[in-house]
1. What is the sum of charges around MET81, taking Lys and Arg as +1, Asp and Glu as -1, for the other residues whose C-beta is under 14 Å from the C-beta of MET81?
2. Going highest first, how would you order 192-199, 165-172, 77-84 by mean Cβ packing within 10 Å?
3. Taking amide hydrogens as modeled 1.01 Å from N in the peptide plane, which residues meet the under 5 Å criterion relative to SER98, leaving out close sequence neighbours?
4. Using a Cα-Cα cut-off of under 14 Å, which aspartates and glutamates could be cross-linked to LYS106, ignoring same-chain neighbours fewer than 8 residues away?
5. How large is the Rg to Rh ratio of the stretch 69-219 when both quantities use alpha carbon positions and Rh follows Kirkwood?
6. For the stretch 123-219, what is the accessible area per residue in Å² when the probe is 1.4 Å?
7. Taking the Cα centre of the stretch 129-219 as origin and charging only Cβ (+1 Lys, Arg; -1 Asp, Glu), how large is the dipole, in debye to the nearest 20?
8. Mind checking which of GLN82, ILE51, ILE118 is farthest towards the positive end of the stretch 47-133's charge dipole, using Cβ charges of +1 (Lys, Arg) and -1 (Asp, Glu) about the Cα centre?
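The values are calculated or read from the model by the stated rules, or taken from the named source; none is laboratory data. None of the values given here were measured: they were computed from a predicted structure. Neighbour counts run over all protein chains shown; Cβ positions are idealised from the backbone, glycine included. These accessible areas exclude ligands, DNA and RNA; they are computed on the full protein's heavy atoms, side chains included. Shrake-Rupley method; radii C 1.70, N 1.55, O 1.52, S 1.80 Å.
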Amino acid sequence: MMKKKSLIVMAVALCLVFAMGAGATLATLSRQSQQVTNTFTVGDGFRADAITLDEAPVDPDTHEADEGAARVRENTYTGIMQGDVLDKDPQVHIAANSAACYMFVKIEGLDALAAAGITADWNAENWVKVDVPEGKLDGIYAYQASGETAPSIIPRSTSVTDLAKLFTELNVADTATLYNQDGTPVSLDAIKIMACAVQSDNQENGYTSALASATFSIQ
């Protein structure tokens, strides 16, 4: 009998919130918020905190990250303007001694932001889209090791595994739509990210079987 596949899901919302006033403000909700954090475990091979998602702390005024500081689950950006570059580098980590697995992330909100002129420099080498429709930024992506041509199995490790970052910055176009005609800031959809690791053992069709077992509960 095929063993039960193990999976664990962790969600975090990276929400763009524009405040009233002369300058727009970008805020990131952390996975501490119960509304956007969901953790599920099925079977063996992963402990409850096996997956984490974090980013480098960013100066709210300069929008520059401090790569040497401890990583955080929340950042705030103030005074956003057209042409700005906002450091933001969400990254998935897998705890030591977790089961070998495929890693998937589900993204929502990128299409709406792109329509407003705000885009992420997505890491297309290491995170490849595995769902439809084509041409859409939102959807499910799988982790792929550099140099590979298909989603990769992430082996069990005795130390924490830090996967390649999803992206490293948000770019605000010179023509980005940040304000309404009456001068009030526009309302933008949130970027929501959920990561799901699916145990690679007993996946008859590789990552496609694992993808069918992945569970996402973005709210």
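1. Numbers: positive: none; negative: ASP61, ASP84, ASP174.
Counting the neighbours of MET81, the net charge comes to -3.
2. Working: 192-199: 25.6, 165-172: 19.4, 77-84: 16.8.
For the peptides 192-199, 165-172, 77-84, the packing ranking is 192-199, 165-172, 77-84.
3. SER157
4. List returned: ASP131, ASP138.
5. My calculation puts Rg/Rh at 1.02.
6. On the way: 5050 Å² over 97 residues.
That works out to 52 Å² for each residue.
7. Values: 5 positive and 11 negative charges, 44 e Å.
Approximately 220 debye in magnitude.
8. Highest projection toward the positive end goes to ILE51.
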